[in-house]
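Visitor: Pasting in a structure now, in structure tokens, and then I'll have a few things to ask.
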Amino acid sequence: MAASIRVREGGLALEDRHVPLVSGEIHFWRHDPECWDALLAQVAAEGIPIVSTYLSWRQHEPSPGSIDLDGRSDPRLDLGRFLALCSGHGLLVQLKPGPWICAEEKCGGYPDWLLADTDLWELDADGKPVLGYNPPFQHPVPCYLHPRYLRASNEWLHAVGGRIREAVWPAGPVVMVQLDNEPSHCFRDSFTGAGHHPITMAAFHRRAWDWAEFQSWLLAEHLRQIRMTLVRAGLDGVVFTVNYNDHAVPTVPQDPAMLRESVRGVGGPDLYYVPPLHRADIVRLALWAALMVGTESAPWVPEAQAGIWRSPGVSQSHPDPTPAEQEFWYLAALAFGFRGLNFYMLAGRENWALAPLDSEGQPSPFLDSVRAAIRVIRSFPDWGSMRPVPSILMD
């Protein structure tokens, strides 16, 4: 990590400037480019210092070797223009190039041509292809150790790194880069759910570990490979980040300590609830906070639910969230010790509803929930170094 960007006191230290880890998720490639400027102006007006955005590999490279990060084939893909607009509004950027992004995107952002190579498909304990995520976005998951997958993903990541290295702060707005997304074989990391491709099993047999240890190593090695590719492409000056999948047992096989070592940056859990908000959701929030506050230099939530996902063709059996629930969710996270939040999604788009801003930057009733959290964070000059004081029961 370059000396100019450091993680300190629960946020980012950019020379003499301290930036809290407060960000809003905006997928620029899902919006009309003519709306980007107004949307970013509203983000800046709300006092949110960082914009977080994915890059969809399948959108930017629809066929092998056709990588377009400059909007040649579609103005929505003009990463350079979007980053320039962020700079113009004084906004910093967390970029998330995958290779897998989930994001309610077809194939989770993996290109169709990549997944057409059936030999790449990871297998479960029954020898069946691992199908990641949920309908209607379900897709085969590649073997993380397969040479052809590594070659293709490295070429993609190297292209991204080469394109944005001149946009890294202070020359540009990019300060953080997320590695992959919720590393978990696309949510299929149960004990027998993935890792049985012959190439994966060969790696297992070369190591004197039990299966759980190997699975933890495999996810960490996947992130290490991504980080090294981006460093070789010139992104050695950013803060690398990782977002943890919300497991019932947070540390198996997604071991935060191993993942942090691979990432050499900051991590945190993605936290959502299915409405209505229940006590069990708050208990889970508190447990994650206790784990993160004791181990992370900047405890934050890389995805704090803002609005709710919508899956085409899938009926919803729950009510919509309310602004009051969302506000309680954010304030509880802060009270338990999280120092920062990434509001996901801050701006609405397809497959998502009830975001604080619409696709053109116009506020919805949910924006007040975000404002409440920002007021708390900005009310304390030493917010980043503050820690919750646990209650002590005396006899």
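Visitor: Antiparallel DSSP bridges in segment 1-144: what percent, to the nearest 5? Walk me through the numbers before you get to the answer.
Guide: Working: 13 of 21 bridges.
Here the antiparallel bridges make up roughly 60 percent for segment 1-144.
Visitor: Determine the calculated [θ] at 222 nm for the chain from helices alone, applying -39500 (n - 2.57) to every DSSP H run no shorter than 4 residues and normalising by the residue count; nearest 500 deg cm²/dmol.
Guide: -10000 deg cm²/dmol
Visitor: Can you tell me the order of 366-372, 44-50 when each peptide is scored by its average per-residue count of other Cβ atoms within 10 angstrom, highest first?
Guide: Working: 366-372: 19.7, 44-50: 18.0.
Result, highest mean Cβ count within 10 Å first: 366-372, 44-50.
Visitor: Also: Counting pairs of alpha carbon atoms under 8 Å apart in space and at least six apart in sequence, what relative contact order in percent does segment 1-40 give?
Guide: Contact order relative to length: 21 percent.
Visitor: What is the local net charge at residue 60, summed over the other residues whose Cβ is closer than 15 Å to its Cβ (Lys, Arg +1; Asp, Glu -1)?
Guide: Net charge around residue 60: 0.
Visitor: Normalised by the number of residues in segment 217-276, what is the relative contact order in percent for Cα pairs under 8 Å and 6+ residues apart?
Guide: Working: 52 pairs, mean separation 25.7, N = 60.
Relative contact order here is 43 percent.
Visitor: With a sphere of radius 13 Å drawn around the Cβ of residue 358, what net charge do the other residues whose Cβ falls strictly inside it have (Lys, Arg +1; Asp, Glu -1)?
Guide: -1
Visitor: Carbon-plus-sulfur fraction of the accessible area of segment 230-354, 1.4 Å probe, in percent?
Guide: 61 percent
Visitor: Next up: Would you mind pulling out the separation of the Cα centroids of segment 323-395 and segment 90-164, in Å?
Guide: For segment 323-395 versus segment 90-164, the Cα centre distance is 30 Å.
Visitor: Under the classification rounded if a/c is under 1.5, otherwise prolate if a/b is larger than b/c and oblate if not, where does the chain fall, given a ≥ b ≥ c as square roots of the Cα gyration tensor eigenvalues?
Guide: rounded
Visitor: Right, next: Which order do the peptides 7-16, 306-315, 377-386 take when ranked by the mean count of other beta-carbon atoms within 10 Å per residue, highest first?
Guide: Descending mean neighbour count gives 7-16, 306-315, 377-386.
Visitor: If you don't mind, there's one more thing I want to ask. Order 239-247, 82-90 from most to least packed using the mean count of other Cβ atoms within 10 Å.
Guide: Peptide ranking by packing, descending: 239-247, 82-90.
Visitor: How high is the relative contact order of segment 277-395, in percent, with contacts defined as C-alpha pairs under 8 Å that are six or more residues apart?
Guide: That works out to 28 percent.
Visitor: Return the Cα extents of segment 1-130 along principal axes one, two and three, sorted largest first, each rounded to a whole Å.
Guide: 53, 36, 24
Visitor: If you don't mind, another one. How charged is the neighbourhood of residue 385? Take every other residue with its Cβ under 13 Å from the Cβ of residue 385, and add Lys/Arg as +1 and Asp/Glu as -1.
Guide: Details: positive: 8, 339, 387; negative: 9, 382.
Once positives and negatives cancel, what remains is +1.
Visitor: Would you mind telling me the antiparallel percentage of the DSSP bridges in the chain, rounded to 5?
Guide: Antiparallel bridges: around 35 percent, rounded to the nearest 5.
Visitor: A follow-up question, please. Just the number please: accessible area per residue for the chain, 1.4 Å probe, all protein chains included, in Å².
Guide: Numbers: 15520 Å² over 395 residues.
Here the per-residue accessible area is 39 Å².
The values are calculated or read from the model by the stated rules, or taken from the named source; none is laboratory data. Here the structure is a predicted model, which is why all the values come from computation and not from measurement. Backbone-built Cβ (ideal geometry, glycine too); neighbour counts: all protein chains shown. We work out accessible area using only protein heavy atoms, side chains counted, and drop any ligands, DNA or RNA first. Shrake-Rupley method; radii C 1.70, N 1.55, O 1.52, S 1.80 Å.
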